[in-house]
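The values are calculated or read from the model by the stated rules, or taken from the named source; none is laboratory data. Since the model is a prediction, treat every value here as computed from it, not as a measurement. Note that we place each Cβ from the backbone using ideal geometry, even for glycine, and neighbour counts take in every protein chain shown. Please note that ligands, DNA and RNA were not included when accessible areas were found on the heavy atoms of the full protein model with its side chains. Shrake-Rupley method; radii C 1.70, N 1.55, O 1.52, S 1.80 Å.
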Amino acid sequence: MKHIVCFHLFNDYSGSPKVLRVVLEGLLKRGYTVDLVTSRGGVLDELRSYPNLRMHGYNYHFSNRAAVTMLRYCAVQLYTFVLAFRWLLSRNTTFYINTLLPAGPALAGRLMGKRVVYHYHENAFVKGAFYSTLAAVMQRLAHRIVCVSGYQASFLKRQDKVTVVPNALTADFVSRLKPDPEAAFGRKTVLMLGSLKEYKGTKEFIELSQRLPQYRFELVINDTQENIDKFLNDNGINVSGGGNLTIFSRQSDVSRFYNEASIVLTLTNPRLAIETFGLTTLEAMTNALPVIVPTQGGIAELVEDGVNGFKTDVMQLDVIGQQISMLLENHNCYSAMAKSAKNCSKNYDDTQMCNRIEAIITK
């Protein structure tokens, strides 16, 4: 049976490590031996209980200073490049590279003659020269490339050995969701999960909460409370005083937020970045929650406008405000969209995703 050596740069609770957890858990349950090389302290740590998994951890985190982050990134690439050679004599071994960032071990894998498979989550071509360079490296080094959406794959110059496999959720996560459209409609709560990156629409979400004081807004930010406080202070945003907005720092389990929500928003600005899939959108629809998403990107492939949610220019806050009010004040409209959202989510099955990726990795 295949031996899989998986490399992932930053182990947190964002989309790409969550998807990797689904894939690796599926492979571990099927008896594969997996070596996982990643940073400590995120969702991938939950796999430690599997006896056929060996974890090789290191400390890594981002800095507010770009130069420091780049130095740390380069140091990890050198470390994982050298570490990869411990599997030089391992037979029947595939190097599974999650995201573009682990370029060092991908190069080492090719130098050793290993099969190299990339699971490509980003859209490098809207993220600047650094990511475009990494995408070029991927296209040269990878034997196979797994893309998460047709939109994302369309940007690659290479089309040979490129397969689109949409993301899915773990059965464990789905089991913690409690779909109940009737109760959700009554909660009148708007939820967004994101980060402090400018393109994620944090400031726009806060503005929506101020425009619509009759509804409750919850914002879950994948960062520390210290960084959140600094962001709010730097932007002159005051959310204290018992208003209708509550901001939460990084969470290890976000299922409870979906169980307390009515609508889920994604406000990524396509002028700055484009979502290649939209895992939070899938999580929301799995809990029978209507969604509002951008008009472009892989995330838009999940939504049929006016059926299971809305696709809207995220800079048109007036329109988004009207859509929120329409959903939260029109019971029939809300119920129909909630039902459609739940039905759509059934197309994204974790077993099917694992089967397809297993076939690619182990071919």
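What do you get for the angle between helix 225-234 and the principal long axis of the chain? Use alpha-carbon atoms, 0 to 90 degrees, nearest ten.
Helix 225-234 sits at roughly 60 degrees to that axis.
Quick one: which residues, 5+ away or cross-chain, put their amide H under 5 Å from the amide H of F310? H built at 1.01 Å from N.
V291, I292, V293
Which length gain, in nm to one decimal place, applies between L47 and R356 when the Cα-Cα distance is subtracted from 0.36 nm times their residue separation?
My answer for the length gained is 109.2 nm.
Before anything else, pin down the relative contact order of the range 252-343: Cα pairs under 8 Å, at least 6 apart, normalised by residue count, whole percent. It would help to have the intermediate numbers written out before the result.
Numbers: 140 pairs, mean separation 25.7, N = 92.
Computed over the range 252-343, the figure is 28 percent.
Using a 7 Å offset from the Cα along the Cα-to-Cβ direction at both T295 and A67, what is the distance between the two label points in nm, to one decimal?
Going by the 7 Å Cα→Cβ label model, 4.2 nm.
Restricting to Cα atoms and excluding each atom paired with itself, what does the Kirkwood estimate give for the range 1-148 in Å? Please report the intermediate quantities before stating the final value.
Details: mean 1/r = 0.0647 Å⁻¹.
The Cα-based Kirkwood calculation yields 15.5 Å.
Using the alpha-carbon atoms, what tilt in degrees (0 to 90, nearest 10) does helix 202-211 show relative to the longest principal axis of the chain?
10 degrees
Within the range 163-202, which residues have the backbone N less than 16 Å from the label spot 7 Å out from I237 along Cα→beta-carbon, could you tell me?
190-202
Would you mind pulling out the separation of the Cα centroids of the range 91-130 and the range 259-292, in Å?
Centre-to-centre (Cα) distance: 27 Å.
With a 1.4 Å probe and every protein chain left in place, work out the accessible area per residue of the range 183-229 in Å², rounded to a whole number.
On the way: 1990 Å² over 47 residues.
Accessible area per residue: 42 Å².
Note down the nm distance, to one decimal, between modelled labels 7 Å out along Cα→Cβ at Q210 and at M112.
5.4 nm
Let me check I've understood the local charge: for A184, count other residues with C-beta under 10 angstrom from its C-beta, Lys and Arg +1, Asp and Glu -1. What total comes out?
Around A184, the surrounding residues sum to 0.
Which whole-Hz couplings ³J(HN,Hα) result when phi for each residue of the range 5-18 is put into the Karplus expression 6.51 cos²θ - 1.76 cosθ + 1.60, θ = phi - 60°, listed in order with x for Gly and Pro?
Per-residue couplings from phi come out as 10, 10, 10, 9, 5, 10, 8, 10, 10, 8, x, 5, x, 4 Hz.
With the cut-off at 15 Å, report for the range 100-145 the share of all Cα pairs above it, as a whole percent.
The share of Cα pairs beyond 15 Å in the range 100-145 comes to 37 percent.
Quick check for you: which residues of the range 10-54 have the amide N under 18 Å from the point 7 Å beyond the Cα of S252 toward its beta carbon?
11-15, 17-19, 21-22, 39-50
Using the alpha-carbon atoms, what tilt in degrees (0 to 90, nearest 10) does helix 129-141 show relative to the longest principal axis of the chain?
Between helix and principal axis, roughly 40 degrees.
Using the Cβ atoms and a cut-off under 15 Å, what net charge is assigned to the surroundings of A124, where Lys and Arg are +1 and Asp and Glu are -1?
+2
Mind listing the long-range amide H neighbours of M55? Cut-off is under 5 Å, sequence gap 5 or more, other chains count too, H placed in the peptide plane at 1.01 Å from N.
L36
Quick check: net charge around A108, other residues with Cβ under 11 Å of its Cβ, Lys/Arg +1 and Asp/Glu -1?
Local charge sum for A108: +3.
So if we plug the beta-carbon distance of E260 and M326 into 1/(1 + (r/R0)^6) with R0 = 25 Å, what FRET efficiency do we get, rounded to 0.05?
Between E260 and M326 the formula returns 0.75.
If you stretched the chain out fully between C333 and D160, how much longer would it get, using 0.36 nm times the residue separation minus the C-alpha to C-alpha distance? Don't skip to the end; give the middle numbers.
On the way: separation 173, 0.36 × 173 = 62.28 nm, distance 4.36 nm.
Stretched out fully, the C333 to D160 stretch lengthens by 57.9 nm.
Can you give the relative contact order of the range 1-50 as a percent, counting alpha carbon pairs under 8 Å and 6+ residues apart?
Result for the range 1-50 is 54 percent.
At what distance in angstrom do the alpha carbon centres of the range 1-19 and the range 42-88 lie from each other?
10 Å
State, to one decimal in nm, how far the label point of L89 lies from the label point of R271, with both points 7 Å from Cα in the Cβ direction.
Label-label distance for L89 and R271, simple model: 5.9 nm.
Using alpha carbon coordinates only, what is the Rg to Rh ratio of the chain, with Rh defined as the Kirkwood radius?
Radius of gyration relative to Kirkwood radius: 0.97.
Can you tell me the equivalent ellipsoid semi-axes for the range 146-296? Use √(5λ) from the Cα gyration tensor, largest first, whole Å.
Output for the range 146-296: semi-axes of 28, 21, 14 Å.
Apply the Karplus parameterisation 6.51 cos²θ - 1.76 cosθ + 1.60, with θ equal to phi minus 60°, to every residue of the range 315-323 and state each ³J(HN,Hα) to the nearest whole Hz, in sequence, with x for glycine and proline.
Result, rounded to whole Hz: 7, 8, 5, 4, 5, 4, x, 5, 5.
Please work out the Kirkwood hydrodynamic radius for the range 16-73, using every pair of different C-alpha atoms, and report it in angstroms with one decimal place.
Evaluated over the range 16-73, this radius sits at 12.6 Å.
Can you give me the relative contact order of the chain as a percent, contacts being Cα pairs under 8 Å and 6 or more apart?
Reported as a whole number, the value is 16 percent.
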